[in-house]
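See structure below.
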Amino acid sequence: MTLISDEGAQELRPRSELTASELLREVASVLRLSEAEAAKLGDLPEDPDEDQTMVINMGPSHPSTHGVLRLMLELQGETVLRCKPIIGYLHTGMEKTGEQLTFMQGGTNVTRMDYASPLNNELVFSMATEKLLGIDGDIPERAQWMRMLLSELNRMSSHLLFMATNGMDLGAVSMMIYGWREREEVLRFFQKVTGLRMNHNFVRPGGLAADLPPGWRDDVLRILDMLPERLEEYDTLMTGQPIWRERLQGVGVITPSEALALGATGPILRSTGVEWDLRRHDPYLRYDEVEFDLIVGSYGDAFDRYAIRLNEIRESMRIVRQILDLMPEGDYRIQDKKVTPPPRARIDESMEALIHHFKIFTEGFKVPEGEVYVAIESPRGEIGCYIASDGSPTPYRMHVRAPSFVNIQCLPHMMRGGLVADAVAVISSVDPVLGEVDR
Amino acid sequence: MELLVFVLASAMVLAGAIGVIACNNPVHAALGLVLTLFGIAVHFVSMEAHFLAAVQVIVYAGAIVVLFLFVIMLLGVDRAEDLSVEPFQIQRPLAVIVGVAISGLVIAAVVRGRSTLGEQLESGVPGDDNIRELARSLFSDNVFAFELTSVLLIVAVVGTVVLTRRQRGGASK
Amino acid sequence: MADSPDETIEESSEVAEVPEPEMFGCPMTDSRGQLVLHVDRDRYLDVAKQLADEGYAMCVDLTAVDYSEHMERALPSSATAERFEVVVNLLDITHRRRIRLRVQVPEGDAKVATLFDLHPGTEAMEREVFDMFGIEFDGHPDPSRILMPEDWNGYPLRKDFQVGTIPVQFKGAAS
Amino acid sequence: MNILHRIPAADPLLEAESFWWQPLAVIGLKVLVVFVIGLVGTMFMVWFERKIVAGMQNRVGPNKAGPFGLLQTLADGTKLFFKEDLIPEKADPFVFRIAPFLAFVPAFLVWAVIPLGGDFTNGHDGTVTWFGEVTRVQLADPPIGVLLVLAMSSIAVYGVMLAGWSSGSKYPLLGSVRASAQMISYEAALGLSLAAVLMTAGTLSTSGIVSAQSSITNWHLLSTGIVPFVVFLIAMTAELNRPPFDLVEAEQELVGGFHTEYSSIRFALFFLAEFMNVISMSALLVTLFLGGPQPLYLGGTDIFAVLGPFGGTAWLLLKVFAFLYMYVWFRATLPRLRYDQLMNLGWKVLIPISLGWFILLAALQVARDSDVSGLRYSLIVAGCLVGIALAYMLFQAALNVARRNRDAEGAAY
Amino acid sequence: MTPTTTWYLVLAAVLFGVGVVGLMIRRNPLVMFMCIELMLNAVNLSFVAFAQAFTDISGQTAVFFVMVVAAAEVVVGLGIIIAILRRRPGATIDDLAELKG
Amino acid sequence: MAIDDVINDGLGGISHNVITGRLEDLVNWSRSRSSWPATFGLACCAIEMMASGAAHYDIARFGMEVFRASPRQADIMIVAGRVSQKMAPVLRQVYDQMMEPKWVISMGVCASSGGMFNNYAIVQGVDQIVPVDVYAPGCPPTPETLIHAIETLHTKIEQGEILRRREQNGGGAHIHVEEIPAGSIPVLLGRQADG
């Protein structure tokens, strides 16, 4: 089973091949510390004892690496001395493909990045495009609220997925199934709204692809009524469970300054006690009009990250309830001929509408020259979209700042000195989605 | 029937013993040792030392050899030792001669003195009573020795812990 | 190094012009309401440090653009358009503000100083830029490819790298 | 003239005057029946576990292979049997081949000493008369029955250990080191809690132990004061590598643990051995603490009395079943412990507790044997408790010192 | 024909001899340890045989003590081997001279 | 469920009774009833693959909840998601580590044909690397689609058709994949007219 897929310099090198200074440098790079800080650790390079350490590969095909993350761990016994994540096994060239697709088609590309919360990806791409077009202030109210509704529901489904995989990774097999069971309810709603369970391409520049279906309110209410009780079950099964606490508390600790230096965002940053949530601190859509609490941890350990996500589900439910009350009537997309295709009904009647429709979906619309960076809060942290346009209907460069890609840099930090079992808990608590790591 | 048991068990014992000294690989040697130990346990049973048979398996096979294997795996010394190279040419034949000589001497002594043993094994104390009697012997006549062995064990454990303790943080040492 | 801040800054049509914007001696523009600082390659690290002291302590994103097919893009006159541009997004958590640095990197000498010592979180991002554009980062502790296989040829996000289908570079797997 | 005569009380059959084909036939039949029941029971156990876990997870579970999916295990077994078998290049071929059997055989041998039924009511000694022969519903009843079980469980370590080592790759090796360390550590707690039972029963023979538990108040569960039972249960779960102690095969960490490189029938043997062990150790637990085939009188009647000689078997099955269900329940609900937590639990909690309890029980036994008066009796108890408390405090202090030292040294990372 | 005490003693003698030979020809310290175990077992076997022959339980008592001592010895011996092999991987018995201090 | 169904279900596809049935039928039956998938998730499809193991879809009904982490014990490899150039050798290695008889389901368009990612990074169809038995369409395929694919495969296994064909054309583990030495491909010289 030993994996022989040689990735050369990307791999962790055995101590015997390294001189002390090289090791120091490598430690610095792997730990993402500056070299000066790494030198302070001092003792590490001195203790090579080559025959007592063992380098093992975790992944890319390993049950607990959430897809195709590959970790090289240097172990002493079962203690992790060094760790290096090797990524790219799911590199899809989406940024390159994004340059070939028009702004209209771009959504279907970015939605496949973070497959656990596709709607947030579409949202950030659409918002960046709108900003480039200069129509970001004109998006109709209803569209904004709908986007919030979908985004929050997506946050719930994504965190439920986390609950499932986190439980699974720590050996609570039933939790896995329970998490999926609840997520499935949310996906049903998505399927009803967007037609798809995942990869919706529903949020588009200028608004959304369609209006909410009749009866959506009842469906959402059904989810909201069902979930609290299930979350209590989670509390019984996991939060209050001594083994669970033992396994997570004090594991994978990271300090606020480390998290900030490493650029970590989302639940990881919040678990260290830093209050930073773009929904609150850099409000987009209508987040400044709803009430919700920021969930902040204090120890920066895996348990905090678990608890934060669990409670964020509750907060999202609170937001969704407010959205249900506040959802205005109106248009679900901007009525701007430039970016909005004509309604389906008009295509049958008017030749011009047909041509317009055809052009928008084949050629796309031209976007003025310029470049923007737009960031929103995805379930994993700050997802940003940097688009440079040269005035053509396709982005000149489309880059997505994926939260998992940055967060994954915390892994070596968190794992250091832990056990192999902790490594699993740590990966799980970072909750990376490899689709967005590798893009 | 008894003969059959004796022959089979003896075969196990000897095959295992040969395995111990002839196998290149320490793990195989350890497996040979387990075979020997089992054979001896069978002999114990047929001599009605049931308790000792069980203890033989539990202590020897279950603990001591497992410890051996543990150390072998821990140290990674499981690569085969090359038996064909021998630094001292004379050592091996000499060893065989000495071994055979010792065995021969003992066998001779046993055969000469067998009349004192009596030819027929008597039926010993059966079943639970055997264990009771062993216990009585251990905890009355030999209780001092018994306590001493427990002290010995503790000393051994402590000594080993001290011996194998890894010195962390070389600066302090 | 901005020698003539007086000159008009070319901007895309919809953005209101900001009079003689400048920060740490670098021309500053506004792109759709977002602050953009055009930094010289030599002063890049220096400016990043000053910005970090200002409060922009978190580097959220670092990427690059290959402008080889769009050399006539809008830039302040003091900045010379080069083929590559390294784009750094900085965030100030306390004051809730963002700033973007754009660094011009010439094709012939595609090299920039690393931000690693200032923001360790750029490690993976700089490797990604190296992997995708071939821009080297001076002083980066682990300059290796990150997304592509180690023996890959070329830099995929460069504009002269074709998108299309490529036969499987199958190295075979020893079992 | 026969050696079998010299294994006294192993089976009353062997003491029969005319030792000819009838006893042999009965023995052969018993071996066959136990073997078949063991296999079928194991297959049933696999199905049972999958169905119950599915039920607990709102799923259906296997239902396509045979009625209610009952033949699922058969399908698994047949498939594995006809799957390609492979010995990895780096493996040690001899040890690799032998390891599954080392895991499988001890699992079966434990069955030999479990009293599977028989009439233990009203002071009967559990013998039944079949085909005119007096025998026990038990393959063998050696005087050291319980020790045999201990011996077998210590042999079972070999299978796991050698499997991991011989595979010649890293994950199995890690798995097997974990497994063997775990099994050895918990053997001690297992043995100590067992000792409490042995002392109370005053015999090592399993049928003797069952006989000693003539009524529910005499069940060792109560007569040893529950603590040994709890310790035994936990230690046994760990010994069996069942959740939450299934670190050995922790898929999330070690891929498949020691059997990662095994495929085909060899893997099936490990699989079978694991489930076989679950059943046989549950049966042992029932034998030791819950009176084995002893009936439980509900309202003064034995509800399985109608089954005649098999009433005891029915009781045994019922009790074993409860534990099997408990194991499945564990699997469905509990997260997995970490390696060091597991070791801590074994060495720092279970062993001291079972040792202390054993000393207490021994003191009480001595007091009872020497007929001391009530006051002195309570003095003895108090003295013991004080002694144990002191020892416990000393132990805790030592642990604290160790922890502090470790923290001081821990900076080495 | 049934085995007598002599048979057991002869077997024990042979086993002892094998152990001696192994001790002398093997150079791996672990295997040498195993050979010592063989010899101890040979002695145990004869003890039990004698106990049987003279219907005296003290032979078995002695075996019990031998086992305990063997366990202690193995523990210490393996500890020493670990300590040495850690410093000098691949050491054979000839290298153990460093114990001389 | 009527009691008749239960009785008639019996050994599923086997029409013979126990005595006259062929061993081959029994083996095929067992293979189709107990095909353990390897835990091999790649991208979006992996999420749906896992979802099909969960309460709503429950592939445990087919005896398939035993996701084996070790490829040695797995029968079916479900290639769930896009296969990148970097992953390709790993994927092939996992396939090689699986024991015969083994089957491959290519789940989703990305695995089947590269899907919408017709670019440098993605292998255009996993059948370039491993022999695929069943393709499941969709992006990602819903659990229902996956279950349909699995059922299709089960039928094929039960008929023994795949193995027979493999024996004829030397497929399966014997299939030879052409190895293209890395570095010999002119990928970055100039840009094609149509991208």
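Is it fair to say F:Gly63 is facing chain A (nearest Cβ under 10 Å) and either in contact (Cβ under 8 Å) with a residue 40 or more places away in the chain or more than 15 Å from the chain's Cα centre (by Cα) (or both)? Can you show your working first?
Values: facing chain A (nearest Cβ under 10 Å): no; either in contact (Cβ under 8 Å) with a residue 40 or more places away in the chain or more than 15 Å from the chain's Cα centre (by Cα) (or both): yes.
It is false that F:Gly63 is facing chain A (nearest Cβ under 10 Å) and either in contact (Cβ under 8 Å) with a residue 40 or more places away in the chain or more than 15 Å from the chain's Cα centre (by Cα) (or both).
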Exactly one of (1) hydroxyl-bearing (Ser, Thr, Tyr); (2) open to solvent by 10 Å² or more (accessible area, probe 1.4 Å); (3) facing another protein chain (nearest Cβ under 7 Å) is unmet by E:Thr61. Its number? (2)
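Please verify whether D:Ile265 is assigned by TED's automatic domain parsing to the domain that holds D:Arg338, over 23 Å from D:Gly145 (Cα atoms), open to solvent by 10 Å² or more (accessible area, probe 1.4 Å) and modelled with pLDDT of 80 or more, treating the condition exactly as stated. If you could, list the steps in order and put the result at the bottom.
On the way: assigned by TED's automatic domain parsing to the domain that holds D:Arg338: yes; over 23 Å from D:Gly145 (Cα atoms): yes; open to solvent by 10 Å² or more (accessible area, probe 1.4 Å): yes; modelled with pLDDT of 80 or more: yes.
Here the answer is yes, as D:Ile265 does meet what is asked.
Those residues that are assigned to a strand (DSSP E or B) and in contact with a Cys (Cβ under 8 Å, 6 or more places away or on another chain), I need them from the stretch C:76-121; list them, please. Lay out the reasoning, then the answer.
Of the stretch C:76-121, the ones assigned to a strand (DSSP E or B) are C:84-92, C:97-105, C:111-113.
Hits for the stretch C:76-121 are C:Val88, C:Asn89, C:Leu90, C:Leu91.
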Got at least one residue in the stretch F:36-48 being farther than 22 Å from A:Gly67 by Cβ and either open to solvent by 20 Å² or more (accessible area, probe 1.4 Å) or among the β-branched types (Val, Ile, Thr) (or both)? no
Of (1) in contact (Cβ under 8 Å) with a residue 60 or more places away in the chain; (2) open to solvent by less than 10 Å² (accessible area, probe 1.4 Å); (3) more than 14 Å from chain D (Cβ to nearest Cβ), A:Arg401 fails just (1)
Mind counting the residues in the stretch F:63-75 that are surrounded by fewer than 24 Cβ atoms within 10 Å (Cβ to Cβ) and not acidic (Asp, Glu)? 3
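From the residues in the stretch C:37-75 that are part of a loop (DSSP other than H, G, I, E, B) and more than 14 Å from every other protein chain (Cβ to nearest Cβ), which one is surrounded by the fewest Cβ atoms within 10 Å (Cβ to Cβ)? Full working, then the answer.
To start, the set of residues in the stretch C:37-75 that are part of a loop (DSSP other than H, G, I, E, B) comprises C:40-43, C:55-57, C:67-75.
With the extra rule that they be more than 14 Å from every other protein chain (Cβ to nearest Cβ), the set shrinks to C:40-43.
Numbers: C:Asp40: 18, C:Arg41: 17, C:Asp42: 10, C:Arg43: 17.
Top of the filtered list is C:Asp42.
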Which one of these does B:Phe70 not meet: (1) away from chain D (no Cβ under 12 Å); (2) at pLDDT 80 or above; (3) open to solvent by less than 60 Å² (accessible area, probe 1.4 Å)? (1)
Cβ pairs under 7 Å, 6+ apart or interchain, first in the stretch A:281-302 and in a loop (DSSP other than H, G, I, E, B), second surrounded by fewer than 20 Cβ atoms within 10 Å (Cβ to Cβ) and of a type in the set (Ser, Thr, Tyr), ordered by first then second residue, are A:Gly300/A:Thr255
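Residue by residue, here is whether (1) over 30 Å from B:Ile90 (Cβ atoms); (2) more than 7 Å from every other protein chain (Cβ to nearest Cβ) holds:
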position: E:Thr4; (1), (2): yes, no
position: E:Trp7; (1), (2): yes, no
position: E:Phe16; (1), (2): no, no
position: E:Leu23; (1), (2): no, yes
position: E:Leu30; (1), (2): no, no
position: E:Glu37; (1), (2): no, no
position: E:Ala42; (1), (2): no, yes
position: E:Phe50; (1), (2): yes, yes
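Here is a check on your reading of the model: is D:Gly164 at pLDDT 80 or above and closer than 25 Å to B:Gln56 by Cβ? Spell out how you get there, then give the answer.
On the way: at pLDDT 80 or above: yes; closer than 25 Å to B:Gln56 by Cβ: no.
For D:Gly164, the condition - at pLDDT 80 or above and closer than 25 Å to B:Gln56 by Cβ - is not met.
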Return the residues of the stretch D:154-189 that are among the small types (Gly, Ala, Ser), facing another protein chain (nearest Cβ under 8 Å) and within 16 Å of the chain's Cα centre (by Cα); say none if nothing qualifies. D:Ser154
Among the residues of the stretch D:157-178, write down those that are among the small types (Gly, Ala, Ser) and surrounded by 24 or more Cβ atoms within 10 Å (Cβ to Cβ). D:Gly159, D:Ala163, D:Gly164, D:Ser166, D:Ser167, D:Gly175, D:Ser176
Could you say whether any residue in the stretch B:28-49 is over 30 Å from B:Glu133 (Cβ atoms) and more than 14 Å from the chain's Cα centre (by Cα)? yes
Being open to solvent by 10 Å² or more (accessible area, probe 1.4 Å), within 20 Å of B:Val57 (Cβ to Cβ) and either touching a residue at least 40 places away in the same chain (Cβ under 8 Å) or facing chain B (nearest Cβ under 7 Å) (or both) is the filter here, so list the residues in the stretch E:70-83 that pass it. E:Ala71, E:Val75
Leading residue by the ranking (surrounded by the fewest Cβ atoms within 10 Å (Cβ to Cβ)) among those in the stretch D:50-83 that are over 26 Å from the mean Cα position of the chain (by Cα) and polar (S, T, N, Q): D:Asn58
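Residue check: is D:Ala103 assigned to a helix (DSSP H, G or I), within 18 Å of the chain's Cα centre (by Cα) and of a type outside the set (S, T, N, Q)? Break it down into steps so the answer makes sense when it comes.
Values: assigned to a helix (DSSP H, G or I): yes; within 18 Å of the chain's Cα centre (by Cα): yes; of a type outside the set (S, T, N, Q): yes.
Considered against the rule, which asks whether it is assigned to a helix (DSSP H, G or I), within 18 Å of the chain's Cα centre (by Cα) and of a type outside the set (S, T, N, Q), D:Ala103 comes out as yes.
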For the condition open to solvent by 10 Å² or more (accessible area, probe 1.4 Å) and within 23 Å of F:Met50 (Cα to Cα), what is the one hit in A:Arg112, A:Arg142? A:Arg112
Criterion: within 14 Å of another protein chain (Cβ to nearest Cβ) and exposed (fewer than 15 other Cβ atoms within 10 Å of the Cβ) - qualifying residue of A:Gly330, A:Gly384, A:Gly391: A:Gly391
F:Val109 passes all but one of (1) out of contact with any Phe, Trp or Tyr (no Cβ under 7 Å at 6 or more places or on another chain); (2) within 14 Å of chain C (Cβ to nearest Cβ); (3) not aromatic (Phe, Trp, Tyr); which number fails? (2)
Every residue from the stretch A:257-284 that is more than 10 Å from every other protein chain (Cβ to nearest Cβ), buried (at least 21 other Cβ atoms within 10 Å of the Cβ) and either of a type in the set (Phe, Trp, Tyr) or touching a Leu at 6+ places or on another chain (Cβ under 8 Å) (or both): A:Arg270, A:Asp277
Looking only at the stretch B:19-51, filter to residues that are outside any helix (DSSP H, G or I) and touching a residue at least 40 places away in the same chain (Cβ under 8 Å); which one of those is farthest from the other protein chains (Cβ to nearest Cβ)? B:Asn24
Scan the helices (runs of 4 or more DSSP H) fully inside the stretch F:94-187 and keep the ones with 1 or more residues being at pLDDT 85 or above and on the phi > 0 side of the Ramachandran plot. F:108-113
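Select from the stretch D:179-230 the residues that are among the polar types (S, T, N, Q) and open to solvent by 30 Å² or more (accessible area, probe 1.4 Å) and list them in ascending order. Reasoning before the result, please.
Here is the first cut: in the stretch D:179-230, the ones among the polar types (S, T, N, Q) are D:180, D:182, D:185, D:193, D:200, D:203, D:205-207, D:211, D:213-215, D:217-218, D:223-224.
Result: D:Thr200, D:Ser211, D:Ser214, D:Ser215, D:Thr217, D:Asn218, D:Ser223.
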Residues of the stretch A:303-339 satisfying the condition of being in a loop (DSSP other than H, G, I, E, B) and under 16 Å from A:Leu269 (Cα atoms): none
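The values are calculated or read from the model by the stated rules, or taken from the named source; none is laboratory data. Being a predicted model, the structure only gives us computed values, none of them experimental. When we count neighbours, we look across all protein chains shown, and the Cβ atoms used for this are built from the backbone with ideal geometry, even at glycine. Protein only, heavy atoms only, side chains kept; ligands, DNA and RNA dropped before computing areas. Shrake-Rupley method; radii C 1.70, N 1.55, O 1.52, S 1.80 Å.
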